[in-house]
Amino acid sequence: MPNTESFTVNEILVYLRKSRSDSPDMSVEEVLRKHEEMIQQYASTHFHSPIPEKNIFREVVSGETIDSRPQMKNLLKMIESEQFKAVLVVEPQRLSRGDLEDCGRLINILRYTNTTVLTLTHSFNLQEEYERKFFEMEITRGNDYLEYTKRILKRGREASVAKGNYIGSVDPYGYKKTVIKKDGVTCHTLEIIPEEANTVKLIHELYAYTPEGIGFTNIAHKLDAMHIKPKKAAHWTPAIISSILCNPLYLGMVRWNNRKVVKYINEGQLAKARPQNTEAKYYKGLHEPIITQELYDTCMARRGTNPSLRRNKELCNPFAGLLYCGTCGHAMSLKIYKNHNSVSQMMLCNHQAYCHTKSVLYSAFLRRFMSSMEDTLNDFELAQKSDDGRAQAISKTIVVNLENKLKKLNEKDARQKDAYEDGIYSKEEFLKRNVRTQQDIASTIIALEDARAKKADIVDYEEKIRRFKDCLHALNDPELSAAEKNRFLKSCVDKILYYNNMESKAGIGRYIENVFSLEIQYK
């Protein structure tokens, strides 16, 4: 065990985080305040002074991994400095309850920075094998406890739903969350809001009984015209209507695992998705239904027989993710309209019903955009002629040299650590050598970042000209797909804002000039 008396409070970092093992009745702030009092009392006893505020890291998020906890990432950066010698926590599990990869990452950082882990009951010197093994057991035990706790909580939530409780965090439209007593037991359920419940019924009735087969968009427009407001949004949207229609909640049911979290590997990284679960469970809820079974079945029958209007999901808009309405900020889409023997393509704001920005023919928009690109390309070519390129070449050379130097220093650092592990260096000799190496690494990183910043300020016109020419050729190539054109556009453009204050009336764009402007942010 290390001698804690050799540390000063300025050399110690404190990490505070709420755990699942803490009382659920206490807020994050209450837990952190309680633990901070315990730690400061420990510091006053052992170091005769409290830990300074600048050395305290308080984690208020509930992430299970290091990458999902910003304060932990900041703390790990700090301990790379020679200034700090120890991390003080209430217990080892506060540092990590992630998977084995996360635990190994944490142990290596603490071990190779020679950082002591101080707790209220024990101090861990990770340079000593026994202490390291003990510390590993403590944090892996925390991981086992976390997984066990998650299983218990999941079973508890499902048992609660099975009894008819509503455990959602958000009030669904038509209801508000409430707490009732049933057989002497506290139950979480929903209470009907009459005005909103009437709207829920209206949505289902419009969808089920309107002869012309009204859809989600038209229902949204009708509700807006009636000055009925959704719960949070400014206007009704097809997505909101879809989420309400045929939701078994309005039939008096509660569901479990409707969108189960599925983990998968994407490009070597762990990712999560929440697809619709076909095996979701449904239970009779404690709340009153808003719609009848007959109305629900009628809506379900219509949703099951309505054909999907969008069968081809292939990207058709080359400017997807780039073009936005300058008036409302919503994305703009490529719409195709067929009229007798003619087909017209229009760029239309997705929020046009409310912002009333005039649409534009795709051909007119494309001509204007390409004209702007050609003018910008000419500017690059003129700028290239006045730039002999020497500054760019020198800057590149400096960056490459510093990158090579940093690579060699990192290799040297790894060799020194291996030599220490193999007993070639004593602890004192390793620290003496490695301190110098760490200083060289830190100064090289600073110089490299500075060189890269200067390099970024020097415009590589040759590379820009190549990208812009490739993009113009792609836009002119009828054989290329919209997705391929989109890839070329995104290599040159960050964002395009479209402005058009023309009235929406017949003749504009054909007999009357459709006046619009573009604000293009190039890369």
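Some notes on this structure:
- Relative contact order for the chain, counting Cα pairs under 8 Å that sit 6 or more residues apart, in percent: 9 percent
- Taking every full run of DSSP H in the chain, the ones that stretch at least 20 Å from end to end by Cα along their long axis and average -0.5 or higher on the Kyte-Doolittle scale are 194-209, 362-385.
- Among the listed pairs K154/K232; K181/K281; K412/K432; K150/K260; K201/K229; K176/K260, those with a Cα-Cα distance over 18 Å are K154/K232; K181/K281; K176/K260.
- Cβ crowding within 10 Å ranks I193, I56 as I193, I56, fewest other Cβ atoms first.
- For M253, residues with placed amide H under 5 Å, excluding near neighbours: G285
- Overall size of region 175-305 from C-alpha positions, given as principal axis extents largest first: 50, 49, 30 Å.
- Secondary structure note: in the chain, about 70% of the DSSP beta bridges are antiparallel.
- Point-charge dipole on Cβ atoms (K/R +1, D/E -1) for the chain, about Cα centre, debye to 20: 1440 debye
- By the count of neighbouring beta-carbon atoms within 10 Å, fewest first, K150, K18, K222 end up ordered K150, K222, K18.
- Each of K427, K260 was scored by other Cβ atoms within 10 Å of its Cβ. Arranged with the fewest first, they read K427, K260.
- Read-out semi-axes √(5λ) of the Cα gyration tensor in Å, derived from the coordinates shown; its label in (i) 66, 29, 27; (ii) 53, 43, 19; (iii) 39, 26, 24: (ii)
- Derived scalar couplings ³J(HN,Hα) [region 13-18; Karplus, 6.51 cos²θ - 1.76 cosθ + 1.60; whole Hz; x for Gly, Pro]: 9, 10, 10, 10, 8, 6
- Cross-link reach is defined here as a Cα-Cα straight distance under 19 Å, omitting same-chain residues fewer than 8 places apart; for K335 the lysines meeting it are K313, K358, K485, K505.
- Here region 4-159 has an Rg and Dmax of 15.5, 53 Å, counting Cα atoms alone.
- Evaluating 6.51 cos²θ - 1.76 cosθ + 1.60 at θ = phi - 60° for every residue in region 314-319, the Karplus couplings come out as 5, 4, 10, 9, x, 9 Hz, glycine and proline recorded as x.
- Ranked packing of 271-280, 67-76, most packed first, by mean Cβ within 10 Å: 67-76, 271-280
- Span from the region 206-267 Cα centroid across to the region 389-451 one, whole angstrom: 57 Å
- Residues in region 181-190 carry Karplus couplings, in order, of 10, 10, 6, x, 10, 6, 10, 9, 9, 10 Hz; the curve used is 6.51 cos²θ - 1.76 cosθ + 1.60 with θ = phi - 60°, and Gly or Pro positions show x.
- Placed amide H near V493: partners under 5 Å, 5+ positions off or other chain: K523
Each value in this text was obtained by applying a stated rule to the coordinates, not by laboratory testing. The structure presented is a predicted model; accordingly, all values stated were derived computationally and were not measured. Positions of Cβ are backbone-derived with ideal geometry, glycine not excepted, and every protein chain shown enters the neighbour counts.
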